[in-house]
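The values are calculated or read from the model by the stated rules, or taken from the named source; none is laboratory data. Worth saying up front: this structure is predicted, and the values here are computed from it rather than measured. So basically every Cβ, Gly included, is an ideal-geometry build from the backbone, and we count neighbours across all protein chains shown. Just so you know, the surface numbers come from the protein's heavy atoms only, side chains and all, with ligands and any DNA or RNA stripped out. Shrake-Rupley method; radii C 1.70, N 1.55, O 1.52, S 1.80 Å.
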Amino acid sequence: MRDGKNLLIFDLDGTLIDSVPDLAAAVNATLVDIGRAPFDEDTVRHWVGNGATMLVARALSGALTVDDNLPEATLQDALARFFTHYRAHTCVRTQAYAGVNEGLQMLKNAGYTLTMVTNKPFEFIAPIVQAMGWQDRFAISLGGDSLPTKKPDPAPLLHVCQQLNVAPQHAYMIGDSKNDILAGKNAGIDTLGLSYGYNYGQDIREQQPTAAFDSFAEMVAFLT
């Protein structure tokens, strides 16, 4: 283990898995339901990272910045439709990034406790974990609706530390977006950034994580 740290807190989407193909399919099915034009997968990719509500709000707005005049009733109707479609698409084309399956096992074998904090709704975590064969990997998993606040708020990260009786300085937050890095910094936890995921088209290094890597394997090598 590196620098006396024994707890790893992973983001999910854009860090461990590429879920955009399935998220985009659910978003576009929702838009078609309500008579709107769908978007290409790369456009949707830049909208992922702040949870389902924000993803749907961005799709309805057609932009990363949500329309201030978006009616709440329209959003809630579209969100309900999105959840219905995503339940059917959760693991159709979603796949682990290169090096993740073996990397998680290596990190666990090295003595780290692995946990997950994602802004994805909690109900979708278990189907993905099962599809990936990771049932024995994570000691704790939190979704974006598990607590009153989600990343970049530090509360989910600190909750994990408290539940496992690990001081924040003995943990790493590992993610692909500014929400992950900000959450770690807000919690007093060192951060490891991965450049290949979803960060709204920005280089993760702009967020100044403790260290940054271009592949999961590089990060594993750093930790082990």
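General observations
- Choice from 74, 53, 15 showing the highest fluctuation, given a GNM over the chain with Cα pairs closer than 10 Å: 74
- For region 1-74 versus region 153-191, the inter-centroid distance based on Cα atoms is 22 Å.
- Mean separation of Cα pairs under 8 Å and 6 or more residues apart, divided by the residue count, gives the chain a relative contact order of 26 percent.
- Accessible surface of region 11-70, 1.4 Å probe, proportion on carbon and sulfur as whole %: 50
- Dipole size of the chain about its Cα centre, with +1 on Lys/Arg Cβ and -1 on Asp/Glu Cβ: approximately 420 debye, rounded to the nearest 20.
- Placing unit charges on the Cβ atoms of the charged side chains and taking the dipole of region 20-89 about its Cα centre, the candidate lying farthest along the positive direction among 84, 32, 60 is 84.
- Farthest positive-ward along the chain dipole, Cα basis, beta-carbon charges - from 75, 219, 170: 170
- Antiparallel DSSP beta bridges within the chain, as percent of all bridges there, nearest 5: 10
- Couplings 3J(HN,Hα) of region 17-24, computed from phi: 10, 9, 9, 4, x, 7, 5, 5 Hz, in residue order, whole Hz [Karplus 6.51 cos²θ - 1.76 cosθ + 1.60, θ = phi - 60°; x for Gly and Pro].
- Counting all C-alpha pairs of the chain, share separated by more than 28 Å (%): 26
- Percent of Cα-Cα distances greater than 15 Å, calculated over region 114-224: 64
- Built from the Cα atoms of region 20-89, the convex hull projects on average onto 4.0 nm², one quarter of its surface area.
- Taking the Cα centre of region 20-89 as reference, the dipole from Cβ charges on Lys and Arg (+1) and Asp and Glu (-1) amounts to some 140 debye.
- Principal axis box of region 175-224, alpha-carbon based, largest edge first, Å: 26, 26, 12
- Using distinct alpha-carbon pairs, which all enter the 1/r mean, Kirkwood radius of region 148-190 in Å: 10.0
- Radius ratio Rg over Rh of region 62-152, counting only Cα atoms, Kirkwood formula for Rh: 1.05
- In a reduced charge model with +1 at each Lys and Arg Cβ and -1 at each Asp and Glu Cβ, region 1-57 shows a dipole moment near 200 debye about its Cα centre.
- Here is how the number arises for the chain: DSSP H runs of 4 or more residues each give -39500 (n - 2.57), the sum is divided by the residue count, and the result at 222 nm is -12500 deg cm²/dmol.
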